[in-house]
Each structure stands twice: as C-alpha cells, then as structure tokens.
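Heads up, the thing below is written out as structure tokens.
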Amino acid sequence: MEQLGCYYLHIFYPSHIYINQKSPFIFELDNIQYYVIVVRTLKSLITNNFNNKIIMEEKEGLPFHQLQKKDINIGKGSLVTKLDDGNISYVIDNNKNLYTEFYTKDYTELVVFFEAHKDEKNVEIGRKGLDYFIESYRMVSGDVLTLTLNKVTYVSTVIKEYFHPYSAEELNLAKEDRNKVSREFKLGVKQVGFPFWNTQGKRLLTDESKIASNLSDFFKNKTKPTSLSEFILKAREELYVHKNYKYSFIETWTSLEIGIVSLLRKRKLEKGISKNKIDDFESEVGISYLLNIELPLTHQVNDEIFKLLLSKVDAIRKLRNKVIHENRNISFEDAENAFKTAIEFLHYLGILTINKIV
C-alpha cells in the first residue's frame, strides 16, 4: 500500500511578495487542497566579478569549478572608482578594463504543502500549486513586478522538499486536521535552477564576415532601421529567446501588415493617386481586401509561387483573428511557421532586404 502523508515544498522565491499573514493560505486546485505559508521576506547580495578566471580542480575524484578571485582594494581611491545608485554598486578598476558589480535581490521564503502519496511527481504538483498561488497573488494585488517562476530565469532558485508519512494517530484525524499538526523535519534539495537568460551558451550560427560586410554597407548607405525591420527582429527575439509564442506571432503579423500596406501605398502613388485620396480611404479598407484583392491586382506575375505565399499569409491572418477575438493559444510551430512565411513573403515582394537569415 502506498504511503500517505504530507508533502512539503520549500523555496526562496525571487521576488518580494507583499503579504502580511503568517497563517496558511488554503485553496483547492485539481482536487488537491494546498496550503501556502509566507515565512518571511529578505534580501540577498549578488556579486558579479568581471575580473575572475575559472579554474577546475579535482576534489575527492569529482570535478570542481572554482572562481579565482583578483581582489580590488576599495580603500585605495586612486586605483578604483565606486559608483552607487542605491540599487546597484560598481567598483571599477582604474588601471584595467575590469569591474565588479554588487546588487541586492528581494526574496520571499515560501512553503507549499499538501496531502499526497509518496511519489516523484509530488514536486511538479507542488510547483503547480506554487504557480497558481503566485498568479492569484499577482491578479489580486496588481503586482506586475512579481513574476511567475518560469519568467525569472536570471537568478538561481533552489527547491527543497520533505515527505512526512502520517502516523497511525494522524491517519485517525479528520483530513482537514492532519496538516495542522506541528512538525519538525529536515528539508532535502530536490531541484536547482541556475541563472539563465536564454542567451547564455548560445551563438548565432551565421557567416560573421558576411554580417560585417552587410553592416558596413548599412552604415555606408546611411540606411536607417525601419518599423518593419524592428517588428521582424522583435518577433524573432520573442520566438527564439523569450519563448513568448503568442507575442512573436502578433509581432510577425504586424510586420506583414506594415509591409503590405506600405507596398500598396507606394504602388498607388506611382499610379498618380494623390496622397490625400489614399489617406481618405486607407482606414476604410480592411487588410483582407488589401491582401486578397488589391495585392494580386497590382502584382506583375500571379504565378503559383505568389498564389501559394498569398494563401499562407491569408492563413496567418485568419489565425491572428482567432488569437485576438478568441484568445487562441499559439504553439512554437504556429509562431515559427508564421515567422518564416513572413520573411519569405516580404523578401519575395522586395519589401525586406535585411533580416534574411531564419
């Protein structure tokens, strides 16, 4: 028979949660009754040294990474400069291109517990309850500075756990009273999240010489970033770095809309239609009409390639309507497909000349 007991999950949550209550918050989620205790709030000092060298040692047969520090004596004012804005301090070495930064980070100590059988999946169940608690707190308080755990990737997090098997006496108690019993126990480390910005350890796989040449031409020709290229870049960033697929999809569609409207406007001006006339009617014509009627009418060759690309872009438009009006979720595949289609379509029309690499 599986052991029944109380599972405890402990974390120093990387944010200040403004709650003044020591008794547990109790809520039900997926037929599980959760208890959450806000133990305390505290600050941690974080240090980043830009003058360290990583060395590797062997200790008891295991690889061990250690930072070899080169200390800066803050007392010698002629050698260093100290800057402080109240949140972050910098100690800058005047003789070398090195510096050390110090800053504090708010944390809240939280304990989540619930009745469960002993199971490896309990940590995931606990984290689900933790996420629900944080989301509920954000909604009630309006505290947008406290982020959900999956968005706080730039600081470390340590999750500890303990499973307390019920005694015979505790099993005889009413279910709602079993976890009101005072207990002493030692927590063990279960999960560790290392600081990660979704960019560390990653590099753009491309031709560096080609980028250097293109950048030189960009400056030589006095090219300026356009709103179209900025939307494309933002869509790429949200897709591959922040993993915000819905936002990436919306940015992608915006880039398509900007490209189509600007191209048709240019073609109308070339046909001698006045700017004022275009301005008078532009807001009254929907993007669906521009895409499916005006664009084919003004395009030189309505070949199969153009028709295929047009149908793909129209499918993106229809999905965009579901996202906006029905709050439709967007998967990675949806967002990446839309992004690649937009790049291909805008290059095909000659609208986009940079950001070609997908």
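The values are calculated or read from the model by the stated rules, or taken from the named source; none is laboratory data. Everything numeric in this text was worked out from a predicted model, so none of it was measured. Because the Cβ atoms are built from the backbone with ideal geometry, glycine has one as well, and the counts that use them run over all protein chains shown.
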Subject >> Conditions (1) acidic (Asp, Glu); (2) loosely packed, with under 13 Cβ neighbours inside 10 Å; (3) not in a helix (DSSP H, G or I): number failed by GLU169 >> reply: (3)
Original post:
In the list GLU124, GLU135, GLU115, which residue meets the criterion of being assigned by TED's automatic domain parsing to the domain that holds TYR35, touching a Ser or Thr at 6+ places or on another chain (Cβ under 9 Å) and not in a loop (DSSP other than H, G, I, E, B)?
Top reply: GLU135
Original post:
Hey, does segment 219-237 have a residue that's touching a Phe, Trp or Tyr at 6+ places or on another chain (Cβ under 8 Å), within 30 Å of TYR162 (Cα to Cα) and small (Gly, Ala, Ser)?
Top reply: no
**OP:** With respect to GLU251, determine if the residue is closer than 24 Å to ASN150 by Cβ, among the acidic types (Asp, Glu) and outside the structural domain of PRO14 (by TED's automatic domain parsing).
**Re:** yes
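When the residues of segment 22-48 are filtered to those that are closer than 17 Å to ASP106 by Cβ and among the β-branched types (Val, Ile, Thr), which remaining residue is surrounded by the most Cβ atoms within 10 Å (Cβ to Cβ)? Talk me through it step by step, then tell me what you get.
Here is the first cut: in segment 22-48, the ones closer than 17 Å to ASP106 by Cβ are 38-47.
Still in the running and among the β-branched types (Val, Ile, Thr): 38-39, 41, 46-47.
Details: VAL38: 21, VAL39: 12, THR41: 16, ILE46: 14, THR47: 10.
Per the criteria, the residue is VAL38.
Among what's in segment 193-235 and is farther than 30 Å from PHE12 by Cβ and of a type in the set (Val, Ile, Thr), pick the residue that is modelled with the highest pLDDT.
Here is the first cut: in segment 193-235, the ones farther than 30 Å from PHE12 by Cβ are 203-235.
Checking which are of a type in the set (Val, Ile, Thr) leaves us with 206, 211, 223, 226, 232.
Working: THR206: 73, ILE211: 80, THR223: 80, THR226: 85, ILE232: 92.
Ranking the qualifying residues of segment 193-235, first place goes to ILE232.
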Subject >> helices (runs of 4 or more DSSP H) fully within segment 212-308 counting 1 or more residues that are touching a residue at least 24 places away in the same chain (Cβ under 8 Å) >> reply: 227-240, 245-270, 295-298
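Is it the case that segment 138-147 has a residue that's outside any helix (DSSP H, G or I) and of a type in the set (S, T, N, Q)? Can you show your working first?
Step one: list which residues in segment 138-147 are outside any helix (DSSP H, G or I), which gives 142-147.
Then drop every residue that is not of a type in the set (S, T, N, Q), which leaves 146.
Yes, that holds for at least one residue.
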**OP:** Within segment 147-163, identify whether any single residue is of a type in the set (D, E, K, R), under 23 Å from THR104 (Cβ atoms), at pLDDT below 95 and in contact with a Phe, Trp or Tyr (Cβ under 7 Å, 6 or more places away or on another chain), and answer yes or no.
**Re:** no
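This table checks each residue for (1) modelled with pLDDT of 90 or more; (2) assigned by TED's automatic domain parsing to the domain that holds LYS234; (3) farther than 21 Å from ILE232 by Cα; (4) not charged (D, E, K, R).
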site	(1), (2), (3), (4)
ARG267	yes, yes, yes, no
GLU294	yes, yes, yes, no
LEU297	yes, yes, yes, yes
LEU319	yes, yes, no, yes
ILE324	yes, yes, no, yes
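With the structure loaded, tell me whether ALA338 is among the small types (Gly, Ala, Ser), crowded, with 16+ Cβ neighbours inside 10 Å and assigned to a helix (DSSP H, G or I) or whether it fails that test.
yes
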Subject >> Among the candidates SER227, SER274, SER213, residue that is of a type in the set (Gly, Ala, Ser) and within 29 Å of ARG320 (Cα to Cα) >> reply: SER227
Original post:
Only one of these conditions is not met by GLU284: (1) under 17 Å from LEU256 (Cα atoms); (2) loosely packed, with under 13 Cβ neighbours inside 10 Å. Which number is it?
Top reply: (1)
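Of all residues in segment 1-21, which are surrounded by fewer than 19 Cβ atoms within 10 Å (Cβ to Cβ) and of a type in the set (S, T, N, Q)? Show your work before the answer.
Step one: of segment 1-21, the residues surrounded by fewer than 19 Cβ atoms within 10 Å (Cβ to Cβ) are 1-4, 16, 18-21.
Across segment 1-21, the qualifying residues are GLN3, ASN20, GLN21.
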